[in-house]
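Here is the structure we will look at, set down as structure tokens.
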Amino acid sequence: MSEIEEHDIESDEEGKKFRLVVSSAEEAVNIIRDKLGNKARVLSVRQIEGKGLRSILSSPKLEVIITIPTEKQPSTTPAPTSDQTPPLNPLEQSLQSPIKEGDTPADIPPGFEAISDEQAKEITETVAAPPTIPEIKNPKKISSIPTILKKIGFDKDMITSLEAIPEWQNIRKMPVAHALSEISNYLKIEFNNIEKTPIDQRIALIGTPSVGKTTTLCKLLANQVFFQQQKVHVVKLDSDTPNPDDALRVFCDILGVTMHRHVEDISNIPSDEKIYFDIPGFSLTSDKEWDKLKLSLDENNIKTRILILNAAYECDILKKSLLLGKRVDCSHLIFTHLDELVNSTKIWPFIFGSGLNTMYLCHGQNITSDFTEDILNYLLANTFPRQVLTH
């Protein structure tokens with residue numbers, strides 16, 4: 001929101017006029033109710049674009065024109081007839097409520113800009129129709145915490161697990177912001193209580209085709225070489241499934257990482273140098289291939305087995321992949337394609353219920369970035385509104 005712009009409030013018999021620019025309809029509802037009270041009535045809503053570079057780097061905003069009726073002006077709007085304007089949009093409807101004494105602000109609230117009747121008329125006359133915006137419930141009708149969690153994106157099993165915690169009876173009675181803050185604190189505690197599995201020298205990356213396994217391996221190699229200044233090695237582990245290595249081989253050449261074709265070549269590598277095994281992707285329906293893979297991993301003494309999961313896949317596919325990962329005794333998880341998710345709620349059940357340690361989160365294609373070891377803070381920031389976490 002822009003800085004407060006001070007203006008003289010102009011008014012006439014129709015009341016005071018204000019202009020507000022916000023990012024969403026929900027934000028408009030909350031700000032108007034908090035700052036202008038129940039007398040506020042929306043005159044128009046329109047979408048506005050940024051100018052110049054701002055239009056590329058920022059999302060469109062909503063410009064809302066609001067009036068505060070004088071005592072002479074009725075507080076309710078008659079139901080429209082066939083000769084009147086169309087019904088109010090959801091934002092306007094959500095702001096219709098009875099007038100209460102003392103609701104009119106004494107001065108310009110933060111974030112609002114007072115405008116004249118002429119300016120308001122000019123703006124409202126240019127708005128052919130309000131933009132389509134999601135329906136917003138009256139804030140006075142507070143939904144239950146489980147309902148809110150469901151709307152955020154948590155699945156039924158995760159909500160049931162949260163309802164079983166000892167603090168739940170107190171949480172469910174709290175205001176929404178406090179409740180979500182308490183839930184985020186609970187998730188922090190549970191995450192920090194997960195027993196950590198150590199990383200061995202020999203590390204295999206395992207997954208189905210197209211989950212981003214090779215890109216993830218390149219990220220790990222770049223992190224080890226560029227940022228940790230470690231010497232690492234790559235081994236191509238052959239199987240009956242083709243495993244092209246052109247892109248990986250070129251990347252290893254750029255980094256100065258040796259790619260070995262045979263396991264026997266790494267028998268004398270020092271214990272402080274990591275060895276990553278590149279394995280072809282196996283289909284979810286190829287149980288025999290997964291069984292052969294487990295035998296190969298055991299024979300080559302590969303203890304750290306990282307299952308790569310594409311977070312954008314449906315949960316049923318992720319669960320099937322996880323079962324196959326456990327079939328080959330995977331010890332860790334790495335999620336890819338998190339940048340394709342609206343939020344991270346679907347990841348939490350796998351973090352807590354898989355029995356595997358989450359090692360990294362990948363959220364883009366950039367080889368030297370777009371991944372994080374800070375699992376907890378990334379998930380929290382992409383699960384709950386920022387204002388809740390900073391409460």
message: I'd like the residue in the stretch 220-242 that is under 20 Å from Pro280 (Cα atoms) and open to solvent by 40 Å² or more (accessible area, probe 1.4 Å) and, out of all such residues, is modelled with the lowest pLDDT.
response: Pro242
message: Restricting to the stretch 345-386, and then to whatever is touching a strand residue (DSSP E or B) at 6+ places or on another chain (Cβ under 7 Å) and farther than 26 Å from Asp316 by Cβ, can you tell me which residue is least open to solvent (accessible area, probe 1.4 Å)?
response: Thr372
task: Please work out which residue is most open to solvent (accessible area, probe 1.4 Å), limiting yourself to the stretch 282-331 and to residues that are over 19 Å from Thr214 (Cα atoms) and of a type in the set (Lys, Arg).
output: Lys288
message: All but one of (1) open to solvent by 10 Å² or more (accessible area, probe 1.4 Å); (2) in contact with a helix residue (DSSP H, G or I) (Cβ under 9 Å, 6 or more places away or on another chain) hold for Asn268; state the number of the condition that does not hold.
response: (2)
statement: Within the stretch 253-264, the residues that are in contact with a His (Cβ under 9 Å, 6 or more places away or on another chain) and more than 15 Å from Ile302 (Cβ to Cβ) are Val257, Thr258, Met259
query: Given Ile189, Ile206, Ile152, Ile165, which one is closer than 17 Å to Trp348 by Cβ, of a type in the set (A, V, I, L, M, F, W, C), at pLDDT 90 or above and surrounded by 11 or more Cβ atoms within 10 Å (Cβ to Cβ)?
result: Ile165
- request: Select from the stretch 332-359 the residues that are touching a residue at least 40 places away in the same chain (Cβ under 8 Å) and under 19 Å from Pro209 (Cα atoms) and list them in ascending order.
  value: His332, Ile334, Thr336, His337, Leu338
query: out of contact with any His (no Cβ under 6 Å at 6 or more places or on another chain) and touching a residue at least 40 places away in the same chain (Cβ under 8 Å): does that describe Leu318?
result: no
message: Would you confirm whether or not the stretch 335-344 contains a residue that is touching a strand residue (DSSP E or B) at 6+ places or on another chain (Cβ under 7 Å) and surrounded by fewer than 22 Cβ atoms within 10 Å (Cβ to Cβ)?
response: yes
Unmet criterion (only one of (1) under 25 Å from Lys150 (Cα atoms); (2) among the aliphatic types (A, V, I, L, M); (3) part of a loop (DSSP other than H, G, I, E, B)) for Leu162: (3)
- request: Return the pairs, sorted by first residue and then second, in which the second residue is crowded, with 22+ Cβ neighbours inside 10 Å and outside any loop (DSSP other than H, G, I, E, B), the first residue lies in the stretch 213-238 and is charged (D, E, K, R), the beta carbons are less than 6 Å apart, and the residues are 6+ apart or on different chains.
  value: Lys213/Leu205; Lys213/Ile308; Lys219/Phe371
statement: The condition from (1) without any contact (Cβ under 8 Å) to a residue 60 or more places away in the chain; (2) surrounded by 16 or more Cβ atoms within 10 Å (Cβ to Cβ); (3) more than 28 Å from Ile351 (Cα to Cα) that Phe251 misses is numbered (1)
message: Checking Val328 against (1) closer than 27 Å to Asn193 by Cβ; (2) free of Cβ contacts under 8 Å to residues at least 60 places away in the same chain, only one condition comes out false. Which one?
response: (2)
message: So, in the stretch 332-383, exactly how many residues are within 11 Å of the chain's Cα centre (by Cα) and on the phi > 0 side of the Ramachandran plot?
response: 0
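The values are calculated or read from the model by the stated rules, or taken from the named source; none is laboratory data. None of these values were measured; they are calculated from a predicted model. Cβ atoms come from the backbone with ideal geometry, glycine included; neighbour counts cover every protein chain shown. Keep in mind that these areas ignore ligands, DNA and RNA; they rest on the heavy atoms of the full protein, side chains included. Shrake-Rupley method; radii C 1.70, N 1.55, O 1.52, S 1.80 Å.
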